[in-house]
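Trainee: A single structure is presented below for examination.
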């Protein structure tokens, strides 16, 4: 009986060591995963952005739509959806909210009877300085641990990676 306990005990130790090795291997794979680190950074930036936009009563999706229109006003709804990578139903819902807030207006697209073009109102355009300040604030908060040169290097490397995808 004592032999049985010893062999069961040694089997349990072997299993525990194997699990420990697998845990260490999993941790090593995760910490070497570029996707994991990029996602972790994106989660942090999104959290900061969400907090900053709350004061304006906007979501990140609405912010993306308005920034798109600040760059290219009076464009089709479908162009906005492609630019911000948002499904049509979500674009429509967000446009409804932004239109109700008086930040943008829809008008018929003369080239397509089934399409709308979207343009900013004066109230929407007036948000531009606030948006620039929010982006600067979020970037500064996130990049705070880096030197300015390191921040520039990080942005440059990310742009280089994304240019090739």
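Trainee: Do we find that residue 96 is farther than 21 Å from residue 52 by Cα and in the same structural domain as residue 50 (by TED's automatic domain parsing) in this structure? Quick ask: steps written out before the conclusion?
Mentor: On the way: farther than 21 Å from residue 52 by Cα: yes; in the same structural domain as residue 50 (by TED's automatic domain parsing): no.
In short, no.
Trainee: Could you give every pair whose Cβ atoms fall below 6 Å, whose first residue belongs to the range 151-164 and is free of Cβ contacts under 8 Å to residues at least 60 places away in the same chain, and whose second residue is surrounded by 10 or more Cβ atoms within 10 Å (Cβ to Cβ), counting only separations of at least 6 or pairs across chains?
Mentor: Partner pairs satisfying both residue conditions: 151/143.
Trainee: Just to be sure before I move on: is residue 70 surrounded by fewer than 17 Cβ atoms within 10 Å (Cβ to Cβ), within 16 Å of residue 130 (Cα to Cα) and in contact with a strand residue (DSSP E or B) (Cβ under 8 Å, 6 or more places away or on another chain) in the structure I sent?
Mentor: When the stated conditions are applied, residue 70 passes them.
Trainee: Checking residue 118 against (1) loosely packed, with under 14 Cβ neighbours inside 10 Å; (2) modelled with pLDDT of 95 or more; (3) not in a helix (DSSP H, G or I), which single condition isn't satisfied?
Mentor: (1)
Trainee: Scan 149, 64 and give me the residue that is assigned to a helix (DSSP H, G or I) and out of contact with any helix residue (DSSP H, G or I) (no Cβ under 8 Å at 6 or more places or on another chain). Spell out the reasoning first.
Mentor: Details: 64 fails: out of contact with any helix residue (DSSP H, G or I) (no Cβ under 8 Å at 6 or more places or on another chain).
The match here is 149.
Trainee: Answer with yes or no whether residue 71 is out of contact with any helix residue (DSSP H, G or I) (no Cβ under 6 Å at 6 or more places or on another chain), closer than 24 Å to residue 108 by Cβ and at pLDDT 75 or above.
Mentor: On the way: out of contact with any helix residue (DSSP H, G or I) (no Cβ under 6 Å at 6 or more places or on another chain): yes; closer than 24 Å to residue 108 by Cβ: yes; at pLDDT 75 or above: yes.
Answer is yes for this residue.
Trainee: Quick one: which of 79, 90 is surrounded by fewer than 18 Cβ atoms within 10 Å (Cβ to Cβ), within 27 Å of residue 45 (Cβ to Cβ) and without any contact (Cβ under 8 Å) to a residue 12 or more places away in the chain?
Mentor: Numbers: 90 fails: without any contact (Cβ under 8 Å) to a residue 12 or more places away in the chain.
Just one listed residue meets the conditions, 79.
The values are calculated or read from the model by the stated rules, or taken from the named source; none is laboratory data. Only a predicted model underlies this, so the values are computations on that prediction, with no experimental measurement involved. Positions of Cβ are backbone-derived with ideal geometry, glycine not excepted, and every protein chain shown enters the neighbour counts.
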